[in-house]
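Below you'll find the structure, written out as structure tokens, and then a few comments.
The values are calculated or read from the model by the stated rules, or taken from the named source; none is laboratory data. As the structure is a prediction and not an experimental result, all values here were calculated from the model. Methodologically, a virtual Cβ is constructed for each residue, glycine included, from the backbone with ideal geometry; neighbour enumeration extends over all protein chains shown.
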């Protein structure tokens, strides 16, 4: 069924002078969608034309609506010669195809509206910059676009209208993830117009526009196909969506997208506590489920069914699958929440469980999750209680030689490449006893015809429900079973805590009440595998909090730090990089050279990373991002992350220095002292209180393992040799210097995660600036990358010096090696203003550890509490949880406290905010208005006149941001969250005075309301 | 190493008041870096010259991109390319349109033609203000002049509206525009000592009192009240009654002036009175009007040479004005009285300002 698009061109302003003789322009507009084109009248001799056109109507298929951008081209009319193009506007219609937010299924009782016609957001209007690839922004045009969409329930339909895409790697604010359906991906291959024969005879403008148009279409098509996959899985949205263009040059362009299919339900604005009252099984789960059914009733179910049959026989049925399957088999569907049902079916001895069961589940993935091809999730933050254990980082890379893709319809080779990687990741995760990979991401780096593909994520055990854990633990070793046997006790603890305090105190907790910490908060850190059951060398120690579980000596993860993790002190940004020179060989031998070098590079990277963490006195790293870039002469790996000190993990041991030469003995001891002093200072700065108590009773590592056949399979595995640094040659000394790198200036809290762990008396009150730093230089060997990265960081701090006190969050590094001796480093980040939070938070924080330890000790002593003790413990424990949650919430957009410090929260924000984070401090995301993805190309033949390369790039990025803001505003938003810049490719030729730059940006358009002071 | 690109772009346009000021003052980037460093920026932040340079260049690039818009502040308000906080925007405009009195003083009375723009290096040399800044100031005046010259209504308000300037700054520009519209002579050697501030004060007085009092589309704020100037001729009667006038003034001033000054006044009353009244009767001729400040400064010169202090002049002028009102010729003709009133308030205040300035 088609949709009807209505477009009205109202006016233009600030158009450029196209007719030199009269200093004016005779402008008109062409509006194009698919193959239909309309033209406005020519508005003579005006730089601010008023067209006030009729409504142009396009009747198009809804899949076309998703694929095709609306193209608005502003032209200058010439009587005697060909009309000149002024510029173009591309409008992505996808945001207009979304269901109006008010009509999304609401949790518990919003279903009445859902039966009505599929109404969409449907209007976009405003001034949009007219962009020309050769001249940049040339004026603006005022347009109104409306869409009337007729819902299509045809089961063979090609469109996926209504599936909302979120770039944000979190559950969107104001939504509740009712179901995680799993990983969705798609890949499309096409010819790159830049490399077609026709490019030799057409103008650069024509070629750039052909490219921009194509990229727009590919992006739309990709999203549509992924949407279809999400529908197939039963989801209504894709979160943590990321899209990437691989420009393979001669062999074409590959567009890749990955995301997580989920079923989202809108939370009611009323305090979530009321939902707890829905103790009735029926009301608990079914209304939302019903809404899903209403919306997507007529779907194909064959594939899903097939999956079920393939699945190993599970203890409990997979009710969701049935429930979703069609309207007709309602009768056979167990109506209630499957979980509650299965809880019951276990018939566990305690009454506590049923109580737990009555609580609303935050987001419960089904056990069919195991049956998914890839148990991957692309989110970085998960509802509390979702993650049971963290295994560690898993990553896989492959080096491929590009060749021309012969058949565009069957992009088999690229698909196969990624499939291989995903399978590898999956097997890694399984080998360490994990059932899922979180914060999964894929990256690629291309140089000439060699391509490095990387995939990484955090292996983890996720809790479908905790009975499930018990079941699965049966096939694990004794130690696991022991632990799981204890679980009911913990459940009891947190459960009571939940019912008493935290719930009442968090009426506006968006994620709904939780039965979160069904386990002691330290269990997340426990190893999901026994030390010797995996094919890796590992160091396991007893958990310092509960003394029961086993923990690794250092934990690396790509996810954000889960809420409620027991940690102390501040988090700190860690960056490590390694640069390897490559031989001067091409093609296959070049690829082999890279392939041979990769493991060494990765090993080195890991070693530096771990040592840096240790020098900081910390023991865990979150938000780990590793990016490998290949160039003609070198191979660069850069890893970034946010280090924290987790209580359950042992305190980091000091790296030891060794040297073969005895002559250096004195110097060595000096250095060792220097090192230990640095660690001490760092511990003070990051407020890491050493807990002497926890040191005792630790199991020493037993590393009798044989030669490792997979040296770098898991970054968290290699640990022993990391403690020892050899200082035999200058190269190693340099490493020492890295370790003792200077800290950011006072007043800066730098992390690469969304929140700053351990901000203590400060809290993030508002957004200050999203910044992009791009640096490119010609370097000669030795490249001394460290110096440049360090200098760049310093320059970022320096340029933001007026923002102190501030937090720099989500700091993203990217290294590109575009030419043989050129290196380009981009840093993207967000500066957030810090204010003073209420002092009570601090007070509470202080007494948080002791009760926790006490309670744990008691756990050791007697497993069965009498009620009296129990209660005391519960309150302390819940106090602890409570403290943690307030701590986090205070930083989240929910709270706006009276500020005393420099940065004050705002009541209103001027203009359009752009942030790479998924939240807006001091404000609340009210509505998600769709995601945008832009690909811009800018070319110039007068680099010198535009202020050199820097001037060219500077104005280009400025303009790109301006266009993004205009689109956000036209869609009715006032901010863009989860902003990304995945590409910034610059090619230039100085002597020809030419330059070309490509940028790929995007994010989620949102409307944010700012709180007035309380 | 050869850095090719080093840019730092933020969502909200970042403006550093110090660096912007240096840019406004026309310092090239390299100079700005060393100035900032000398001011202790490097010491305070531990930043190397290289870092400061990178920062300065970022800002300079932004400002040069903004310059086109600053030329048309209305556009700056509505443009989308730069997202600027309202208060920052105001700072940008206000600073951009700020000027050095010394430069403007040089430019006053010169034709705002491109020929003169080329000669700005002389101004730059003389005032020690960088050429770039001189050009900016020149262009600003020219632009504002062109826009508001023919605009009906209040000059100050027009400038404020068209250029989003503060009232203070708009008033300064109003004076400049007015001076340029009437083409007052200000650049003669004898007037060189007059500062812009003094000139501005005088001009404002003239603008306030001698232009059309009624408002409307047909009245321009930049035109003199022709009728008034013609009426001034009537003041010739005072010349005929000089004796009576002198007597009254002398009686009035005797107790307050020192003996020396009094004798001097007694002897030269005729010269002084003539000078003031001749000016009045000649002002309807455009040439004379243009030479207003020249004539006034000649008068000032005379008193200066006779050793008058400011207070003496003030007393004299007040008496001169007051006593004329007491004379029959003016008492009977209320219209003439008003003209006298209007004339003398401006002239005496101007004389005093110029006297103080000399």
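Among the residues in segment A:178-196, are any buried (at least 23 other Cβ atoms within 10 Å of the Cβ), modelled with pLDDT of 90 or more and not in a helix (DSSP H, G or I)?
Yes, some residue in segment A:178-196 is buried (at least 23 other Cβ atoms within 10 Å of the Cβ), modelled with pLDDT of 90 or more and not in a helix (DSSP H, G or I).
From (1) in a helix (DSSP H, G or I); (2) at pLDDT below 90; (3) more than 25 Å from residue A:589 (Cα to Cα), pick out the condition that doesn't hold for residue A:423. Result: residue A:423 fails condition (2) only. Taking (1) closer than 27 Å to residue A:445 by Cβ; (2) within 12 Å of another protein chain (Cβ to nearest Cβ); (3) in contact with a helix residue (DSSP H, G or I) (Cβ under 8 Å, 6 or more places away or on another chain) in turn, residue A:949 satisfies each apart from (3). A single entry from A:141, A:145 fulfils the requirement of being within 14 Å of chain B (Cβ to nearest Cβ) and in contact (Cβ under 8 Å) with a residue 12 or more places away in the chain: A:141. Contact annotation: no residue pair with Cβ atoms under 6 Å, 6 or more positions apart or on different chains, pairs a residue in segment B:5-16 that is at the interface with another protein chain (Cβ under 7 Å from one of its Cβ atoms) with a partner that is assigned to a loop (DSSP other than H, G, I, E, B) and at pLDDT 90 or above. Given the structure, is residue A:940 touching a helix residue (DSSP H, G or I) at 6+ places or on another chain (Cβ under 9 Å) and more than 9 Å from every other protein chain (Cβ to nearest Cβ)? Against the criterion (touching a helix residue (DSSP H, G or I) at 6+ places or on another chain (Cβ under 9 Å) and more than 9 Å from every other protein chain (Cβ to nearest Cβ)), residue A:940 qualifies. The combined condition, being at pLDDT 90 or above and more than 14 Å from residue B:292 (Cα to Cα), is not fulfilled by residue B:192.
Restricting attention to segment A:904-932 and to residues that are closer than 30 Å to residue A:566 by Cβ and within 14 Å of chain B (Cβ to nearest Cβ), the residue that is modelled with the lowest pLDDT turns out to be A:920. Please verify whether segment A:957-973 includes one or more residues that are at pLDDT 90 or above and part of a strand (DSSP E or B). No, because not a single residue in segment A:957-973 is at pLDDT 90 or above and part of a strand (DSSP E or B). All of (1) in contact with a helix residue (DSSP H, G or I) (Cβ under 9 Å, 6 or more places away or on another chain); (2) facing chain A (nearest Cβ under 9 Å) hold for residue B:85 with one exception: (1). Would you please name the residue that is farthest from residue B:164 (Cα to Cα), looking only at residues in segment B:98-125 that are under 14 Å from the mean Cα position of the chain (by Cα) and in a helix (DSSP H, G or I)? The residue in question is B:106.
Just one of the numbered conditions (1) more than 24 Å from the chain's Cα centre (by Cα); (2) closer than 24 Å to residue B:213 by Cα; (3) not in a helix (DSSP H, G or I) is not true of residue B:337: (3). Residues of segment B:17-55 that are within 11 Å of chain A (Cβ to nearest Cβ), loosely packed, with under 15 Cβ neighbours inside 10 Å and either modelled with pLDDT under 90 or in contact with a strand residue (DSSP E or B) (Cβ under 8 Å, 6 or more places away or on another chain) (or both): B:44, B:46, B:50.
A quick yes/no check of all residues on (1) touching a helix residue (DSSP H, G or I) at 6+ places or on another chain (Cβ under 8 Å); (2) assigned to a helix (DSSP H, G or I); (3) at pLDDT 85 or above:
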residue	(1), (2), (3)
B:261	yes, yes, no
B:265	yes, yes, no
B:274	yes, yes, yes
B:284	yes, no, yes
B:294	yes, yes, yes
B:325	yes, yes, no
B:330	yes, yes, no
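Reported count of residues in segment B:241-259, each being out of contact with any helix residue (DSSP H, G or I) (no Cβ under 8 Å at 6 or more places or on another chain) and within 23 Å of residue B:338 (Cβ to Cβ), is 1.
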